[in-house]
1. Using θ = phi - 60° and the Karplus relation 6.51 cos²θ - 1.76 cosθ + 1.60, list the HN-Hα couplings for segment 160-175 in order, rounded to whole Hz, with x at every Gly or Pro.
2. Using the structure shown, list the pairs from LYS51/LYS192; LYS52/LYS81; LYS81/LYS206; LYS122/LYS194 with a Cα-Cα distance above 29 Å, or answer none.
3. Would you mind getting me the FRET efficiency between LYS64 and VAL255? Use the beta-carbon distance for r and R0 = 51 Å, nearest 0.05.
4. Report, by chain and number, residues whose modeled amide H sits under 5 Å from the one on PHE27, excluding near sequence neighbours (fewer than 5 apart, same chain).
Amino acid sequence: MHSSTIIFFATLLTGVVAPPPEHFLNFVCTGEDSDDMPDVCNNMCYGATCKKLPTQLYWDQPEKPTRQRRSRNAGCGTTNKCDDGEQCDEYPFASTSNADDVKAVSRCVPTEQNRNQGQVLKQFYNSQGSFDEVGLGGNKGHFTIGFGNPGDSPYCSPNTDCVNDGHEYTRDGLARRSHIIKRKDKSFGYYKLKSGGTFFAPSGAKPGDLVFTPRFHNRTLGRELSRKHVFDPERGLEQYEYMMGNMYTDRDEVVGPAED
């Protein structure tokens, strides 16, 4: 009897079909390399951990007026309210419909990190560059985000108390945490990767889930392009297209919960 037949009958007997692996878009938070995003991670993790905002998102290909409205609703506005060398980062992303359903959070982050995030999203949405064989292929759709080596971003850490450090905002002013994290919950969402790294998935993950991490081929070039790029609030993510050829994607796999 062929092995495929045996597997088929075994499945019928058990009545259990393993769910397909989840694909995670991974933002690395260590801050050690030019393509890591510790401050951007901090903002996203404040939203996901302290405000219980979703990490399973939906890209709806919004037009510019919709993106601008969502940005304003997060407290960013259409002009940069941040100091020189910084830009306002909102979560959930203005490119996702989730921003219409919740009170988004925002934070002033280093310009270079905000541009790196924009490059990643542009590639992922359109399956370009480093996401040539993954991503959304230019079609509206759902995706899930997570955070690699999260301990260096305080709000991504299992030890966070979610007290606002004075830099997290909503459209109403300084953000307030929506709940107190109980100690028994602090280990939830942290996983070990096959590569040995730690991965934080606030919505949960399972062994076999795949984690896709964008990286620069030439980190010096990536840093230089991000530094020199002049952000245009009138344009969307397409303004980062010329940077795409310098990126590739690492593929990793969740092996199980991280040890305490």
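Bear in mind that the values in this text are calculations on the coordinates, not laboratory data. Computed from a predicted model, the values in this text were never measured in an experiment. Neighbour counts run over all protein chains shown; Cβ positions are idealised from the backbone, glycine included.
1. 5, 9, 6, 6, 5, 7, x, 10, 9, 10, 10, 5, 8, x, 4, 6
2. LYS81/LYS206
3. Once the sixth-power term is evaluated, E becomes 0.75.
4. The answer is GLY146, PHE147, GLY148.
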